[in-house]
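Below is one structure, written out as structure tokens; the observations come after it.
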Amino acid sequence: MLTVGIFLFDEVEVLDFAGPFEVLSTAGRVAQRSGAEVPFRVLLIGQTQTPVRARGGLLVTPHHAFFHHPHLDVVLIPGGDVSVVQNDAEVVRWTKAVSATAMLTVSVCTGAFVLGAAGLLAGRRVTTHWEDVADLRQAFPEAQVEADQRFIDEGTLVTSAGISAGIDMSLHLVRRFTTEDLAQRTARQMDYAWQDAPAP
């Protein structure tokens with residue numbers, strides 16, 4: 001079982017974190033039904049365990065706080081209004097620390113700006129929400145920012161475009177860590193038309 005940590009912060013985009021949470025937890029239920037082990041444990045991580053106010057006013061309570069959580073195999077940084085967190089030294093320090101020991105670091109939408117602030121995008125093919133591609137290129141010129149990509153898998157780094165693209169990327173992670181069949185059955189269970197990414 002892989003432990004996935006999803007970072008929560010004030011003004012996080014709801015579907016950016018809830019989409020991946022739904023995909024990975026649904027994959028577990030689908031796997032269990034066929035007698036297989038649950039492949040993912042998904043945890044919500046905040047700077048503290050104080051409820052986070054997501055976009056639209058949704059209140060969400062993290063499972064764990066920074067530096068007080070189990071080892072993370074996968075760390076996922078969602079998007080939203082990241083103008084505060086990408087400049088928060090504690091957030092940058094935590095992102096660097098967990099990425100250094102995780103198998104995989106992932107961003108959805110403008111979460112890529114947090115990864116850039118942590119120095120994780122240099123020399124990598126990455127993407128973000130279509131509206132933020134130019135800003136990401138300007139902020140992190142050492143990254144190879146690509147437009148019109150649902151998601152890009154660079155081995156130890158996966159980035160996705162905006163909001164709903166995080167669902168497509170998460171189904172890719174199910175396939176990558178388990179099987180194509182489980183990913184397809186998860187999409188079917190969610191009644192979701194999976195938009196896969198083209199091969200590089």
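DSSP assigns beta bridges within the chain; of those with both partners inside it, close to 20 percent run antiparallel. About its Cα centre, the dipole of the chain is roughly 540 debye, where the only charges are +1 on Lys and Arg Cβ and -1 on Asp and Glu Cβ. Using the alpha carbons alone, the radius of gyration of region 2-189 stands to its Kirkwood radius in an Rg to Rh ratio of 0.95. The phi torsions of region 164-170, fed into the Karplus equation with coefficients 6.51, -1.76 and 1.60 and a -60° offset, translate into couplings of 5, 4, x, 5, 4, 5, 5 Hz, rounded to whole numbers, with Gly and Pro shown as x.
For the chain, modelled as a GNM whose springs connect Cα atoms under 10 angstrom apart, the maximal fluctuation among P78, P20, P39 occurs at P39. Positive-end ranking of F140, A102, P78 along the dipole of region 2-189, with charges on Cβ about the Cα centre, is headed by A102.
Under the criterion of Cα pairs below 8 Å and six or more residues apart, the relative contact order for the chain equals 21 percent. Projecting the Cα atoms of L157, L43, F66 onto the dipole axis of region 2-189, where Lys and Arg carry +1 and Asp and Glu carry -1 at the beta carbon, places L43 farthest toward the positive end.
Coordinate-derived values only; no laboratory data. These numbers come from a predicted model, not from an experiment. Positions of Cβ are backbone-derived with ideal geometry, glycine not excepted, and every protein chain shown enters the neighbour counts.
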